[in-house]
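Visitor: Please see the structure below; I have some questions.
The values are calculated or read from the model by the stated rules, or taken from the named source; none is laboratory data. Predicted, not measured: the structure shown is a model, and the values here were computed from it. Cβ atoms come from the backbone with ideal geometry, glycine included; neighbour counts cover every protein chain shown. Remember, those area values only see protein heavy atoms, side chains included, never the ligands or the DNA or RNA. Shrake-Rupley method; radii C 1.70, N 1.55, O 1.52, S 1.80 Å.
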Amino acid sequence: MSTAQHTTGEAIELPWHAEPSFNCFGCSPRNPIGLKLRLKRLPNGDHAAETTFSENYASYPGIVHGGIVNVLLDEVMGDTLALVHGLLAFSVTLRSKMLLPLAVGEPYLTVARISGRGNGVLHTQAEITGSDGELHAMATGTYQPIRSEQARKLMQLDDAAFGRVQHYFDHGTGES
């Protein structure tokens, strides 16, 4: 996995990369089989990841697996929420529309933004474009902020790890 497309924007160091207990498939630099996504903040405030997939992520020869495309969309939308609101959230819904297959070895840009909030959840949208600007996939997502008791139980965090990441939990989302 490498990045080949270049877009202007400020590179972002994800703050949870320093947390040894986080091994996210999408963004952790320590996950040996993960995507190792690196995000940028675009001048308009959106967040983006430049991605070129290797054959390791293929389904049909030369074509990126659709499940991996959905991981990419979900990851950039979820990371956008974390960066903008300082919270971690679980995906509640992910609706994607695949318009064109993604090819192995070709550069793609995934751009995400927050589209709304209310009823205790946050809403996002994202799209993946090729180097020629052609739209390949689009998605919307709904995310539920993670509560402390969920994090401790589901993530099996010990006291030290929980103390380091506790500030990412128990955020209200408002009703607007």
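Visitor: Evaluate E = 1/(1 + (r/R0)^6) for LYS97 and ARG30, where r is the Cβ-Cβ distance and R0 equals 41 Å; express this FRET efficiency to the nearest 0.05.
Guide: The pair LYS97/ARG30 has a calculated efficiency of 0.80.
Visitor: Same structure, new question: Of the residues ALA58, ALA160, ALA49, which exhibits the maximal mean-square fluctuation in a Gaussian network model of the chain defined by a 10 Å Cα contact cut-off?
Guide: It is ALA160.
Visitor: For region 30-176, what does the accessible surface come to per residue with a 1.4 Å probe? Please give it in Å².
Guide: Per-residue accessible area for region 30-176 comes out at 49 Å².
Visitor: Could you work out which residue, out of LEU83, LEU37, LEU102, moves most in a Gaussian network model of the chain, that is, has the largest mean-square fluctuation with Cα springs under 10 Å?
Guide: LEU83
Visitor: Report, to the nearest 10°, how far helix 66-85 tilts away from the longest principal axis of the Cα atoms in the chain, using its own Cα long axis and a range of 0 to 90°.
Guide: Rounded to the nearest ten degrees, it is 50.
Visitor: For region 102-115, just list the computed ³J(HN,Hα) in residue order, Karplus coefficients 6.51, -1.76 and 1.60, θ = phi - 60°, integers in Hz, with x standing in for Gly and Pro.
Guide: Listing the rounded values in order: 8, 9, 4, x, 9, x, 9, 10, 9, 10, 10, 8, 8, 10 Hz.
Visitor: Give the long-range amide H neighbours of ALA103: residues separated by 5 or more places, or on another chain, with amide H under 5 Å away, using H modelled in the peptide plane at 1.01 Å from N.
Guide: Those lying under 5 Å, H to H, from ALA103 are VAL64.
Visitor: Next question, about the same structure. Could you look at region 92-159 and say what percent of its accessible area is carbon and sulfur, using a 1.4 Å probe and all protein chains?
Guide: C and S fraction of accessible area: 49 percent.
Visitor: Can you list the lysines whose alpha carbon is less than 30 Å from that of LYS97, not counting same-chain residues fewer than 8 positions off?
Guide: LYS36, LYS40
Visitor: Between GLN166 and ASN44, what FRET efficiency comes out of the Förster formula 1/(1 + (r/R0)^6) with R0 = 45 Å and r the beta carbon distance, rounded to 0.05?
Guide: The value I calculate is 0.90.
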